[in-house]
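As structure tokens, the structure follows; a few thoughts come after it.
The values are calculated or read from the model by the stated rules, or taken from the named source; none is laboratory data. Keep in mind the model is a prediction, meaning the values are calculated, not measured. Glycine also receives a Cβ, built like all others from the backbone with ideal geometry; neighbour counts cover every protein chain displayed. In case anyone asks, the SASA skips ligands and DNA or RNA and just uses the protein heavy atoms, side chains included. Shrake-Rupley method; radii C 1.70, N 1.55, O 1.52, S 1.80 Å.
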Amino acid sequence: MVTVFTCLIFLQFSIILSHDLIDVRGWVHGSQVQALLGKRRVWLATLTNSVFPGVAVGFALYFWNRPKPGFVQNYWVIYCGVALLSAVGMWYIPYLRGAPEKQKREYASMYAGTRHVLPARGDNPRPNLFHVGVHALFVVNFCLALVMRFQRV
């Protein structure tokens with residue numbers, strides 16, 4: 001379980017670090033995000049948002065074959081929980097309940113041309129397939145962190 005979590009938390013870190021900086025047609029269009037927000041702002045946000053998953057990965061690697069102190073397991077639970085709640089707040093609340101016009105325009109601009117699997121709900125922003133997959137990863141990592149915390153793995 002520790003090995004799976006280590007691999008998946010590293011994947012989460014890698015995605016957070018790179019997804020607004022690269023273009024993979026139909027999946028992620030970092031150039032659209034950069035065009036709307038500006039390269040400097042995107043880089044600053046990327047570096048800031050990468051700190052917490054970077055610490056989680058650092059702990060996972062450092063404590064790979066060692067006993068994990070309670071603070072490390074608590075950090076994983078808290079970080080993974082906050083990441084999951086952030087995704088819900090950024091994507092699913094606007095998708096289900098609606099969003100301000102400015103947010104609708106920004107999301108439409110940043111994620112135009114990407115694949116979607118969730119049905120449209122009026123003109124509400126909806127997470128694209130890439131983000132749905134990332135959010136599923138957040139759920140899995142949060143569950144693994146909880147299990148490891150309460151089983152003391």
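Computed from point charges on the beta carbon alone (+1 for Lys and Arg, -1 for Asp and Glu), the dipole magnitude for the chain about its Cα centre is near 120 Debye.
Which of rounded, prolate or oblate describes the chain when judged by the alpha-carbon gyration tensor and an a/c cut-off of 1.5? Since a/c reaches 1.5 and a/b is larger than b/c, the shape of the chain is classed as prolate.
Modelled spin-label separation between Leu118 and Gln151, with each label point placed 7 Å from Cα along the Cα-to-Cβ direction: 3.0 nm. Between Ser50 and Ser18, the simple label model (points 7 Å from Cα in the Cβ direction) yields a spacing of 1.1 nm. By the rule of a C-alpha distance below 15 Å, with chain neighbours fewer than 8 residues away ignored, the aspartates and glutamates paired with Lys104 are Asp123. Given R0 = 30 Å, the distance between the Cβ atoms of Arg41 and Ala108 translates into a calculated FRET efficiency of 0.95.
Solvent exposure of the chain amounts to 56 Å² per residue of accessible area, where only protein heavy atoms count and the probe is 1.4 Å.
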